[in-house]
Each structure stands twice: as structure tokens, then as C-alpha cells.
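The values are calculated or read from the model by the stated rules, or taken from the named source; none is laboratory data. Since the model is a prediction, treat every value here as computed from it, not as a measurement. FYI the Cβ positions are ideal-geometry reconstructions off the backbone, even for glycines, and counts take in every protein chain you see. Ligands, DNA and RNA are stripped out before the accessible areas are found, and what is left, the full protein with its side chains, is counted by its heavy atoms. Shrake-Rupley method; radii C 1.70, N 1.55, O 1.52, S 1.80 Å.
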Amino acid sequence: MDRKSFRKYGYAIVDWIADYMDHIEEYPVLAQVEPGEIADRLPKRPPVEPEEMEAIFNDFKGILLPGMTHWQHPSFFAYFPANNREPSILAELLTAALGAQCMVWQTSPAATELEEVVMEWLRQILGLPVGFTGVIQDTASTSTLCALLCARERATSFAVNEHGFRNGSSQSLIVYTSEEAHSSVEKGVKIAGFGKDNLRLIPSGVDFAMIPEELEQAINADKKDGHVPCCVVATVGTTSSTAMDPLRPIGEICDHHGVWLHVDAAMAGTAAMLPEMRYILDGIEFADSFVFNPHKWMFTNFDCSAYFCKDPKALTSTFEILPEYLKTDTDRQVKNFRDWGIPLGRRFRALKLWFVIRSFGIKGLQEKVRAHIELAKEFESLIREDTQFEVTAPVTINLVCFRYHPSHRNFSEEELEQINKDLMDELNRSGKMFITHTKLKGKFTLRLSIGQTNTTREHVQKAWDQIRASVSHL
Ligand code: PLP
């Protein structure tokens, strides 16, 4: 592609993106395609001759776009959000243009230093303890894996790094998390070599939050059996229901037993930027590590996961490698973020955070997040006022768990599951909104999660009207 064509298509694509944003509500939120449909429309063999950008871009619009689920649609209420905003997109464009691989300070000093600066800004924005140091990882799954690896090494004085796990040892390293924790904890436990048998799922209460007394009992029982309690992963805002594990009592237990505390606040952490919500991190000073994803609810496009730790030495001692070809003269003076995580190569992710934080300002970020929380409260009220529905979990921030369950009809759990599943499928097939489900203590429940950048009261009201219209024939 010559520079002239680059400009031509660069302008055309930016124009297309702006139009896409303007007209996003005309697309079905959930892709309305069958498995295999998109692949069937693509050539089975790569092109031998170069193709025109015109043709490539047309195929993007004509073939791929119908197979996209539109996460930036304001009626996207599924999973948790992965929202973005124009400044973040522009920064990504610049990141791609610079094409820098930011593994060490020397490979782009500005990338390293900006990352230090924006992570310190984020620490302040969330009110994390002074002294916590941040690094950007790709996802919360990676961040939690990093925490588990650090915990493993601290508990074994770096013996696993040096010698590996000793097969057949009766003394196991144990990880604790709530039965409501995200699957990334189990995945991390498997990858880090703890073994699934050594993951204890601590019961949760009626609010779906971890019961600290149960944690304490489990730790004591393991100690009695000669095992080594190694790491507790507490969740601030569980995936199913945004339940809040109580950090203070959990932190005190970890402190007492010398166990690493990692806090997974992947989505909900963003709420701590509001002074009135900061209580969700009460006790955070006990944490050894903490993760939240600006790529979920902070208008910074995927991927961008903010990992903070109390003692960066734990990270660097776990991950440090120093082959000759990576040595630089500044190694003693600077941070080389390659030693702060798993991959060597690193994208310049700090740039989009910098663009987002500067263009919103703290006030702008707070306004959006506060509005989403308010909308969730309003949706909860609509559900509570209608005797055909029930709220199935405490609404702690921006997620409402609910289901159709008319108080005057005697449905079995199986029937309720089927009815609610059918309801969800019908809503999603309409293309007008997208919600997902979960099970809470075995009960099938619908989830309406509010966090897309441009969701307004009107979108939530429309969703509610559509839900009610769908159940009117039941
Ligand atoms: N932790 C929690 C509580 C989550 O809800 C999620 C995803 O929704 C994750 C971790 C995993 O996030 P990621 O996709 O960044 O790995």
C-alpha cells in the first residue's frame, strides 16, 4: 500500500468508524448468524496475488460485520461491559502506528514512563493505598495468574521457580477463593501448578459473598493437615451477581496466617472512583495485589488490565530473566516492565489510558459511572414493583439479577429455568438488546448489566418494556 492509498483508506476508515458509532443502534446487538456461516463465506485458501484495499474493506463490511456482536451498542446488557470511547480508539491507532514493542525501558522510554505515571493516576483515582505500584497486563486472568505465581514463590522462598514442584510431597500449597469467584482463578491454579485439588471453594452467604469464618476454618483445617495456605483470592464484584467479598475480615485472616491476598475487582473496581462507593475497597490495605480492568467499565478499549501490588519485588523476583541480549546500560536506573508479568513483548497500552483519563477528567469518568449505577437502581425498582418478577441478588452496583417468577403461580425450578431461558433467547433474537444468564445457588437467573458508554435511561426503559412485552403471552 502506498502512502497515498494509506491516507485515502485511513480517512475512509475513520469516517466509517464515526458513522458506525452514529448508527450503531441500527445493528442487531447480538450477531444473528449460525455457527460456520461466516467461515463458509470466506475463501478456504489465502490469496496468492495482492488484493485491493477496496475489496478487503468491502468484505469487512459485507461478510464480517454481520457476524459481529456489537459490544458498543447501548442496549448491550450482557456479561460485563467492555466499553470504549473515541479517545481510546484514536490512541490505539497511534499505538499501532508507532508499532513499538515496549518490553524494556530502552525500547521506548516514553511508554514505560507513561505507564508509571498513568498507573499512579489510577491508584489515586481509585483511592488505593499509597505505595501500591501498578503495571498494565492484558487481562484480569493474566493478572490473577501473576498474583498466584508471586504467592507461590513467596510461600516457597522461590523454591518452585528454582527446583519445580516436588512430586509426591504430602505438603500442598493451598489456594482459597469463594464458590462465586471467576473461573480465571481455577484456570490460574491449574496453570501455576497448584492443582485443582488444592483449590478450596469457600461457601458464600445469602448475599453470595465469601463467608470469612468459613475461610478461617478452611485455613485452620489445612494447617492441621500439614498443608501450606498460600493465597486467598477475594472478589470485589463477582461475575454472576457483583457480590462483594468483605475485604477487611478476609484481609485480617490473611494477615494472621501470612497468606497472600489477591483482590479481583475486574469490573467493579472502577466504582471505587466514586467517593460514595469507595467502601467496596474497605480493607484493601491488607491486599498484596489488586486487579481491575479499565477495559471493562472505564471507556478504554480492550485490552487493558491494571494490576497493582504492595511489593513490586515479589513480581520482579518471580518473573525476572536477564539474557545477555536484553541487557541495557540503564537496567539499574529504570523499570523494565518485561519483569513485571508473563510475556516479554508489551503493547503501548498506557497511551489509551492517558487519552481517556485526560479527555474525561476524573469528573467526567465519575459522572458516567455514577449514571450507570443509578440506572441499575432504577431498573431494580421496576422489577421490584412488578409482581411477575423477582430480584435474585442484592444490587450492589451496576448489575441487576432477576427473573420472571409470578408470585401467584406455582412453577417448579425446572419450569422457571425453561421459561426464563426462552425469555432470554427471544429477547436476544430480537437484536434489540442482549442479556445473559447465570445460576445463583442453583437457580437460573437473568443478568442485566449496565456499563456501555452510551446507555441511557431510555435504553433501560426500552429493555424493560421489551421484557414485559415478551412475558405478556406467558
Ligand atoms: N474476574 C472477574 C470478576 C470477571 O468478571 C472477569 C470477566 O468478566 C474476569 C476476572 C476475567 O477477565 P479477563 O477477561 O480480563 O481475563
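Output the number of residues of the stretch 196-241 satisfying the condition of being of a type outside the set (A, V, I, L, M), in contact with a Phe, Trp or Tyr (Cβ under 9 Å, 6 or more places away or on another chain) and within 22 Å of S289 (Cα to Cα).
Matching residues across the stretch 196-241 total 7.
Please specify each residue of the stretch 443-466 satisfying the condition of being among the charged types (D, E, K, R) and surrounded by fewer than 18 Cβ atoms within 10 Å (Cβ to Cβ).
As a first pass, look at the stretch 443-466 and keep what is among the charged types (D, E, K, R): 443, 447, 457-458, 462, 465.
Scanning the stretch 443-466 gives K443, R457, E458, K462, D465.
Need pairs with beta-carbon distance below 6 Å; first residue closer than 20 Å to T455 by Cα and open to solvent by less than 20 Å² (accessible area, probe 1.4 Å) and within the stretch 430-442, second in a loop (DSSP other than H, G, I, E, B) and of a type in the set (S, T, Y); sequence gap 6+ or separate chains.
Sorted first by the residue in the stretch 430-442, then by its partner, the pairs are M433/S75; T436/Y79.
In the stretch 390-420, what residues are more than 25 Å from the chain's Cα centre (by Cα) and surrounded by 14 or more Cβ atoms within 10 Å (Cβ to Cβ)? Step through it out loud before you land on a result.
Looking only at the stretch 390-420, we keep the residues that are more than 25 Å from the chain's Cα centre (by Cα), and these are 390, 404-420.
Result: E390, Y404, H405, P406, F411, L416, E417, I419, N420.
Could you check the stretch 7-32 and list, in sequence order, the residues that are assigned to a loop (DSSP other than H, G, I, E, B), open to solvent by 40 Å² or more (accessible area, probe 1.4 Å) and more than 15 Å from F60 (Cβ to Cβ)?
Step one: of the stretch 7-32, the residues assigned to a loop (DSSP other than H, G, I, E, B) are 23, 27-32.
With open to solvent by 40 Å² or more (accessible area, probe 1.4 Å) added as a condition, the list becomes 23, 27-28, 30, 32.
Matches in the stretch 7-32: H23, P28, L30, Q32.
Tally up the residues in the stretch 214-245 that are open to solvent by 40 Å² or more (accessible area, probe 1.4 Å) and part of a loop (DSSP other than H, G, I, E, B), please.
Adding up the residues that qualify gives 3.
So for the stretch 294-312 (the condition being open to solvent by less than 20 Å² (accessible area, probe 1.4 Å) and more than 16 Å from the ligand (Cβ to nearest atom)), does at least one residue qualify?
In the first step, residues of the stretch 294-312 are kept if they are open to solvent by less than 20 Å² (accessible area, probe 1.4 Å); the result is 294-295, 297-300, 304-309.
Then drop every residue that is not more than 16 Å from the ligand (Cβ to nearest atom), which leaves 309.
Yes; the residues of the stretch 294-312 include at least one that is open to solvent by less than 20 Å² (accessible area, probe 1.4 Å) and more than 16 Å from the ligand (Cβ to nearest atom).
Can you tell me which of I174, I136, I125 is within 16 Å of the ligand (Cβ to nearest atom) and not hydroxyl-bearing (S, T, Y)? If you could, list the steps in order and put the result at the bottom.
Numbers: I174 fails: within 16 Å of the ligand (Cβ to nearest atom); I125 fails: within 16 Å of the ligand (Cβ to nearest atom).
Answer to the check: I136.
Test of understanding: among D282, D264, D255, which residue is out of contact with any Cys (no Cβ under 9 Å at 6 or more places or on another chain) and within 16 Å of the ligand (Cβ to nearest atom)? Reasoning before the result, please.
Working: D282 fails: within 16 Å of the ligand (Cβ to nearest atom); D255 fails: within 16 Å of the ligand (Cβ to nearest atom).
Checking each option against the conditions leaves just D264.
Within the stretch 33-41, does at least one residue satisfy the condition of being open to solvent by less than 50 Å² (accessible area, probe 1.4 Å), part of a helix (DSSP H, G or I) and touching a Phe, Trp or Tyr at 6+ places or on another chain (Cβ under 8 Å)? Steps first, please.
Start the filter on the stretch 33-41 by keeping residues that are open to solvent by less than 50 Å² (accessible area, probe 1.4 Å), which leaves 33, 36, 38.
Of the ones still in play, those that are also part of a helix (DSSP H, G or I) are 38.
Subsequent filtering for residues that are touching a Phe, Trp or Tyr at 6+ places or on another chain (Cβ under 8 Å) retains none.
The answer is no, given that none of the residues of the stretch 33-41 is open to solvent by less than 50 Å² (accessible area, probe 1.4 Å), part of a helix (DSSP H, G or I) and touching a Phe, Trp or Tyr at 6+ places or on another chain (Cβ under 8 Å).
Which fully enclosed strands (runs of 3 or more DSSP E) of the stretch 399-471 have 2 or more residues being charged (D, E, K, R)?
On the way: elements: 399-404, 436-440, 443-449.
In the stretch 399-471, the matching strands (runs of 3 or more DSSP E) lie at 443-449.
Mind checking which residues of the stretch 267-292 are part of a loop (DSSP other than H, G, I, E, B) and touching a strand residue (DSSP E or B) at 6+ places or on another chain (Cβ under 6 Å)? Break it down into steps so the answer makes sense when it comes.
From the stretch 267-292, those part of a loop (DSSP other than H, G, I, E, B) are 267, 274, 282-283, 287-288; that's our starting set.
Selection gives A287, D288.
Could you grab the pairs with beta carbons closer than 8 Å, sequence gap of 6+ or different chains, first residue in the stretch 254-267 and farther than 21 Å from I397 by Cβ, second one more than 16 Å from the ligand (Cβ to nearest atom) and assigned to a loop (DSSP other than H, G, I, E, B)?
W260/D288; L261/D288
Could you count how many residues in the stretch 177-205 are within 13 Å of the ligand (Cβ to nearest atom), more than 17 Å from the chain's Cα centre (by Cα) and not in a strand (DSSP E or B)?
Within the stretch 177-205, residues that are within 13 Å of the ligand (Cβ to nearest atom), more than 17 Å from the chain's Cα centre (by Cα) and not in a strand (DSSP E or B) number 1.
Being part of a loop (DSSP other than H, G, I, E, B) and either among the aliphatic types (A, V, I, L, M) or under 12 Å from D138 (Cα atoms) (or both) is the filter here; which residues of the stretch 293-319 pass it? If you could, list the steps in order and put the result at the bottom.
Within the stretch 293-319, the subset part of a loop (DSSP other than H, G, I, E, B) is 293, 298-304, 310-311.
The answer is N293, M298, N301, F302, D303, C304.
Against the condition part of a helix (DSSP H, G or I) and among the acidic types (D, E), how does E378 come out, does it pass? Talk me through it step by step, then tell me what you get.
Numbers: part of a helix (DSSP H, G or I): yes; among the acidic types (D, E): yes.
For E378, the condition - part of a helix (DSSP H, G or I) and among the acidic types (D, E) - is met.
Answer yes or no: is there a residue in the stretch 258-270 that is over 24 Å from the mean Cα position of the chain (by Cα) and surrounded by fewer than 17 Cβ atoms within 10 Å (Cβ to Cβ).
Yes: one or more hits.
In the list P275, P246, P294, which residue meets the criterion of being at pLDDT 95 or above and over 25 Å from Q452 (Cβ atoms)? Spell out how you get there, then give the answer.
Working: P275 fails: over 25 Å from Q452 (Cβ atoms); P294 fails: over 25 Å from Q452 (Cβ atoms).
Sole residue among the options that is at pLDDT 95 or above and over 25 Å from Q452 (Cβ atoms): P246.
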